[in-house]
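Everything on this sheet refers to the single structure shown next.
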């Protein structure tokens, strides 16, 4: 089983199991992780599932598509590592992926 780590803005860590094929966002929602709202349900139309990919994973996560890049213009406190977690699909290769969560989505 793949495991993902979510780190809240206050430093609280959550290691959670993830199913291949689910999105990182869906994994967080299923685990009750605070900090991801996912208002649009994962359709890449609201940017409330924003997270920061840990630097160690930057080159191992697929690059964002054009529609995600457009939506990333709407997030609070964007960084180079910003991603919409609804657009990252869980695969065995992402075992151990670390996502840092912003203080607020809205």
_Members of region 23-38 that are surrounded by fewer than 19 Cβ atoms within 10 Å (Cβ to Cβ) and assigned to a loop (DSSP other than H, G, I, E, B)_ = 31, 32, 34, 37
*Out of region 71-88, which residues are closer than 15 Å to residue 57 by Cα and either out of contact with any helix residue (DSSP H, G or I) (no Cβ under 8 Å at 6 or more places or on another chain) or modelled with pLDDT under 95 (or both)?*
79, 80
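For region 43-53, name all the residues that are within 11 Å of the chain's Cα centre (by Cα) and either assigned to a loop (DSSP other than H, G, I, E, B) or on the phi > 0 side of the Ramachandran plot (or both).
Taking region 43-53 and keeping what is within 11 Å of the chain's Cα centre (by Cα), we get 47-53.
If the condition is that a residue be within 11 Å of the chain's Cα centre (by Cα) and either assigned to a loop (DSSP other than H, G, I, E, B) or on the phi > 0 side of the Ramachandran plot (or both), then 47, 48, 49 are the ones that fit.
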*Kindly check whether there is at least one residue in region 82-92 that is crowded, with 18+ Cβ neighbours inside 10 Å, assigned to a loop (DSSP other than H, G, I, E, B) and in contact (Cβ under 8 Å) with a residue 60 or more places away in the chain.*
yes
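The values are calculated or read from the model by the stated rules, or taken from the named source; none is laboratory data. Keep in mind it's a predicted model, so treat the numbers as computed, not measured. Every residue, glycine as well, gets a Cβ built from its backbone with ideal geometry; the counts of neighbours run over all protein chains shown.
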